[in-house]
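This report refers to the structure that appears directly beneath it.
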Amino acid sequence: MDLQFDKIVPYIPFIVEGILVTLKFTVLSTFFGFLLGIILAFFKISTIKPLKWFGIAYTSIFRGTPLILQIALIYFATPQLLRYDIDPLLAGVIAFALNSAAYISETIRGGILAVDKGQREAAMSLGVPYRKMMWHIVLPQAVKKILPALANESIALLKESALVSTIGAMDLLRRATIVSSKTFLYFEPLILVGGIFYVMVLILTSGARYLERRMQVSD
């Protein structure tokens, strides 16, 4: 093997700058995906049939089609329909948030249904409005139960964020391919990016475990 890591040393700062892009993308996608997931979860447990049908149909569509197709539709097809260009990072955030919401909504729905019904009955007997009961009593308990699953979804988003390189976003993988095209070296920049992703996943995993322990202690 003829490995030449010394030749990519000058490009390391350029590659490392992609960390900020990757983290920005992951944080925004997770945040908006979580918010939309909560709304969809409430739709699915709603007694209003149109809302329930919408939530079920939404999840079915986004879980039943490839993520890369969803990214391509938003980045390439949306400008054709709406006559405007969309930033690659923004297109990626929208696609990942919409996709992630479908999975998160199922997780949250399961967490809500896992909360003891006695909690709801006690709140209703005290005259607590339904909306306040869900937001202040049921949902916080549900989140504690599903925290590991939410952490796994965030980790999956971080790793899958590399897909935005296919539409030109200057993330870690995109920068590695640019370096490869300039140096004609592929193993070295790609293994460097792989190591960076691995470290970020380890940090995120450790943070999730710490938060989980803190929430268990607070119980």
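The values are calculated or read from the model by the stated rules, or taken from the named source; none is laboratory data. Predicted model, so just to flag it, every value in this text is computed and none were measured. Every residue, glycine as well, gets a Cβ built from its backbone with ideal geometry; the counts of neighbours run over all protein chains shown.
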Quiz item: Taking the range 49-62 as the search range and keeping residues that are over 20 Å from A142 (Cβ atoms) and not charged (D, E, K, R), which one is farthest from the chain's Cα centre (by Cα)?
Solution: P50
Exercise. Could you tell me which of the residues S161, S105 is touching a Gly at 6+ places or on another chain (Cβ under 7 Å), within 23 Å of L28 (Cα to Cα) and among the hydroxyl-bearing types (S, T, Y)?
Key: S105
Self-check item: Considering residues of the range 1-30 that are free of Cβ contacts under 8 Å to residues at least 40 places away in the same chain and within 20 Å of A169 (Cβ to Cβ) only, the residue surrounded by the fewest Cβ atoms within 10 Å (Cβ to Cβ)
Solution: P13
Quiz item: Taking L202 and the conditions (1) surrounded by 13 or more Cβ atoms within 10 Å (Cβ to Cβ); (2) closer than 26 Å to A101 by Cα, which numbered condition does it fall short on, given that it satisfies the others?
Solution: (1)
Quiz item: Failed condition for V217, given (1) β-branched (V, I, T); (2) at pLDDT below 80; (3) under 26 Å from I56 (Cα atoms), with all others met?
Solution: (3)
Practice problem: Select, from S165, S180, S154, S161, the only residue that is assigned to a helix (DSSP H, G or I), touching a Lys or Arg at 6+ places or on another chain (Cβ under 9 Å), on the phi < 0 side of the Ramachandran plot and surrounded by 17 or more Cβ atoms within 10 Å (Cβ to Cβ). | Solution: S165
Quiz item: In the range 144-176, how many residues are more than 17 Å from L69 (Cα to Cα), in contact with a helix residue (DSSP H, G or I) (Cβ under 7 Å, 6 or more places away or on another chain) and of a type outside the set (D, E)?
Solution: 18
Self-check item: Where a residue in the range 65-78 is closer than 13 Å to G92 by Cβ and its partner, wherever it lies, is among the aromatic types (F, W, Y), with Cβ under 9 Å and at least six apart
Solution: L67/F96; Q70/F62; Q70/F96; I71/F96; T78/Y84
Practice problem: Report whether or not R109 is farther than 30 Å from Y198 by Cα, of a type outside the set (A, V, I, L, M), at pLDDT 85 or above and crowded, with 20+ Cβ neighbours inside 10 Å. | Solution: yes
